[in-house]
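Since the structure comes first, as structure tokens, the remarks are kept for the end.
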Amino acid sequence: MAQVPPPGSVVVADWHLCKDSKEYFSKILHKKRRRNFGLLESPVMPPHVAVDTVHYKIFISGKSGVGKTALAARLAGLNIPNMHYETTGIETTVAYWPVKLKENSRVLFFRFQLWDCGENALRRFDHLLPSCKEQADAVLFLFSFTDRTSFDDLPNQLAKWTELFARRVVKMVIGTKFDLFMHCDVAERDVRDFQDTWGIPVLRTGGEVTDGLGDVAPLLNCLAEKLWYQDCITAGSASLPGAPENACL
């Protein structure tokens, strides 16, 4: 397993709070809310500002009902469904996120294409799983703090996806519905034991989506940092934040 850089060592944490980021974040906002980007749309910067966009495919894995569709909506700034429904096939959502690299202050737009597929659909149709894993750059493993079985299933998910991929992919574990502490079935002790055993930090999400960027910044910055670092390793870069030749379009 490649060494994972400490959080905040590759990208500038909380850059969305800095003045010099406003010009970039304004391109993913509309009336102080996140813009909804279609598959062929992208943020447009002024001609004098040259910003490269790096593209990544992200698959969201987890048991039915853990909040895969809600997480995709949250990361993209869309409305979260009020009622749970089983995703009948593959749904894709596009999220843009500007990032500033610490080493050289270079700004990049990360384009995350989030793939969400219903658990039952994956079981019924053999062609869906190959489509989801094809050219995937990262897998988000979800469990719900209100569903103990989804947490206990994490080792099976991790083992399955490790076998499926011939190349290295970023793996992140995210606990959803963290705000519903009154119905919590997963103790902090269990989360710490999992992190110690698997060496994968557990991120948390839950609660209402705000009009700002603070509720998604930790997740998106962490994902961007891991993906960029992975590209540096793949490109053979000796230093952390070097620019991989194959990352920029």
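On full extension, the segment bounded by ALA159 and SER64 gains 32.4 nm, given 0.36 nm per residue less the C-alpha separation.
Summing Lys and Arg as +1 and Asp and Glu as -1 over all other residues whose Cβ lies under 14 Å from the Cβ of ALA50 gives a net charge of 0. Taken along the Cα-to-beta-carbon direction at a fixed 7 Å, the label points for THR197 and GLU41 span 4.3 nm. Among the trypsin sites (Lys or Arg not before Pro) within segment 168-203, those in coil by DSSP and having at most 12 neighbouring Cβ atoms inside 10 Å are ARG168. Taking amide H atoms as placed 1.01 Å from N in the peptide plane, list the residues 5 or more away in sequence, or in a different chain, whose amide H sits under 5 Å from that of VAL170. Result for VAL170 returns ALA138, VAL139.
Given a Förster distance of 25 angstrom, what is the FRET efficiency for GLU119 paired with HIS30, based on the Cβ-Cβ distance and rounded to 0.05? The computed FRET efficiency comes out at 0.15. What you get for the chain, charging only the Cβ of Lys and Arg (+1) and of Asp and Glu (-1), is a dipole of about 500 debye around the Cα centre.
Taking the charge dipole of the chain about its Cα centre, with +1 at Lys and Arg Cβ atoms and -1 at Asp and Glu Cβ atoms, the residue from LEU158, VAL54, LEU140 reaching farthest to the positive side is VAL54. Remark: segment 15-234 projects, on average over all directions, an area of 13.2 nm² (convex hull of Cα atoms). Rounded to the nearest 500, the helix-only mean residue ellipticity at 222 nm of the chain stands at -8000 deg cm²/dmol, with each DSSP H run of n ≥ 4 adding -39,500 (n - 2.57). Multiplying the residue separation of GLU134 and GLU23 by 0.36 nm and subtracting their alpha-carbon distance yields 36.5 nm. Toward the positive end of the charge dipole of the chain, with +1 on the Cβ of Lys and Arg and -1 on the Cβ of Asp and Glu, the farthest Cα among LEU220, THR197, GLN230 is that of LEU220.
Between SER9 and ALA50, the FRET efficiency estimated from the beta carbon spacing at R0 = 41 angstrom works out to 0.95. For the chain, the membrane-span-like helix rule (DSSP H, alpha carbon extent of at least 18 Å along the helix axis, mean Kyte-Doolittle at least 0.0) picks out 217-234; this says nothing about an actual membrane.
Values quoted throughout were computed directly from the atomic coordinates according to the rules given, and no laboratory measurement underlies them. All figures in this text were calculated on a predicted structure; none of them were measured in a lab. We place every Cβ from the backbone using ideal geometry, glycine too, and count neighbours over all the protein chains shown.
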